[in-house]
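**Q** My structure is below; once you've seen it, I'll send some questions.
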Amino acid sequence: MSLRSLIQAAASLKYSSLLLACWWLIATRPCIAGDAGAHRVDFQRDIRPILSDKCYFCHGPDEKHREAELRLESRQGMFEHTGAKIIVPGKPEASALWKRISHSDPEKAMPPADSGKTLNAKERELIRLWIEQGAEWKDHWAYAAPARPAIPAGPFNSPAVNDIDRLIQARLKTDGQSLSPSANAQTLIRRLSFDLTGLPPSPEDVEAFAIDSTEDALAKLVDRLLASPAFGERWGRHWLDVARYGESTGSSRNLPYPQAWRYRDYVVD
């Protein structure tokens, strides 16, 4: 589905696309830990963050800090280590990883005390469950090819106009809920304008959209907002934050970077 179609689908609901996304994540996220029968441990969501935070400094890709020639950030290092069996799928008690993180002797337990890292009971239990459930490994999401989900066929309580609607309605139906009413034209253009550009629509734009009865009125609005420089200014700032963009050093002397604006404009464009 195109960016325009996704935006149209999310914006036509009662709440903003941002709130909808937050609700969807909360509603679909399984409970963390506890009953093993009710929780399927996911490597990407539950295990990799623990290993990254508590183990990768000494057992990661950096050869300068690596201990015992053990790498826990790779499939090969985790499952094909030449020494002790780090992971034996389905058997925590036979897995060196579990033995070391649950060891009662502080001298043998991992992470070591002098590392400044500790595993709490919840984190240890997640690792134990993961091994017990088969230790399914998943490569980082950035290297996994996107896969389209199966689109539900219905029937639905209200007409589904695109695949996003069908996916959402199928989940709502499972939870005994239904879609909120579609937003009116004034609400819709205001919502889209704030979401895409961070700016309110002009009164003239609101009036023009409200009286536009053509079939592609919404598509034209979305295209116009996406083509606006304000779209690049609003959403480009997130990339600039990640890149730590600045027009000066920010130190006590605060020296300027005279050509920094060229990168900023490149991102916006």
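The values are calculated or read from the model by the stated rules, or taken from the named source; none is laboratory data. Every value quoted in this text rests on a predicted model; they were computed, and no experiment measured them. Backbone-built Cβ (ideal geometry, glycine too); neighbour counts: all protein chains shown. All accessible areas refer to the heavy atoms of the entire protein, side chains included, with ligands and DNA or RNA removed. Shrake-Rupley method; radii C 1.70, N 1.55, O 1.52, S 1.80 Å.
**Q** What's the angle, to the nearest 10 degrees (0 to 90), between helix 229-242's Cα axis and the longest principal axis of the chain?
**A** Taking the Cα atoms of the chain, the angle to 229-242 is about 10 degrees.
**Q** Treating cross-link reach as a plain straight distance, find the lysines whose alpha-carbon is under 19 Å from the alpha-carbon of K117, omitting any fewer than eight places away in the same chain.
**A** List returned: K54, K64, K99, K108.
**Q** Between the stretch 197-269 and the stretch 137-185, how many Å separate their Cα centres?
**A** The stretch 197-269 and the stretch 137-185 have Cα centres separated by 29 Å.
**Q** Take the Cα radius of gyration of the stretch 145-252 and divide it by 2.2 N^0.38 Å, with N its residue count; two decimals is plenty.
**A** 1.47
**Q** Taking 7 Å along the Cα-to-C-beta vector as the label spot, tell me the S74-W137 distance in nanometres, rounded to one decimal.
**A** The answer from the label model is 1.0 nm.
**Q** May I pose another question? I'd like the orientation of helix 121-132 relative to the chain: the angle between its Cα long axis and the longest Cα principal axis, in ° from 0 to 90, rounded to 10.
**A** Helix 121-132 and the main axis of the chain meet at about 80 degrees.
**Q** Using a Förster distance of 51 Å, how high is the FRET efficiency between A96 and E233, based on the Cβ-Cβ distance and rounded to 0.05?
**A** Calculated value: 0.45.
**Q** Can you figure out the FRET efficiency of H103 with R66, using R₀ = 22 Å and their beta-carbon distance, to the nearest 0.05?
**A** 0.60
**Q** Which value at 222 nm does the chain reach when only helices count, each DSSP H run of 4 or more adding -39,500 (n - 2.57), with the total divided by all residues and rounded to the nearest 500 deg cm²/dmol?
**A** So the helix-based figure for the chain works out to -13000 deg cm²/dmol.
**Q** Would you calculate the separation in nanometres between label points at A121 and V161, each defined as 7 Å from the Cα along the Cα-to-beta-carbon direction?
**A** 5.2 nm
**Q** Oh, and also: What base-10 log of the normalised intensity I(q)/I(0) is obtained for the chain from the Debye formula, alpha carbons as equal point scatterers, at q = 0.07, 0.10, 0.12, 0.14 Å⁻¹?
**A** -0.45, -0.82, -0.99, -1.08
**Q** Report, to the nearest 10°, how far helix 217-227 tilts away from the longest principal axis of the Cα atoms in the chain, using its own Cα long axis and a range of 0 to 90°.
**A** Tilt relative to the chain: about 60 degrees.
**Q** Given a Förster distance of 51 angstrom, what is the FRET efficiency for D265 paired with D53, based on the Cβ-Cβ distance and rounded to 0.05?
**A** 0.85
**Q** Provide H65, H39, H59, H81 ordered by accessible surface of protein heavy atoms (probe 1.4 Å), highest first.
**A** H65, H81, H59, H39
**Q** Hey, what's the chain come to in accessible area per residue, 1.4 Å probe, Å²?
**A** 65 Å²
**Q** For V242 and A210 in one chain, what is 0.36 nm times their gap in residues minus the Cα-Cα distance, to one decimal in nm?
**A** Computed gain between V242 and A210 is 7.7 nm.
**Q** If I stretch the segment between R40 and S252 completely, what's the gain in nm (0.36 nm per residue apart, minus their alpha carbon distance), one decimal?
**A** My answer for the length gained is 71.2 nm.
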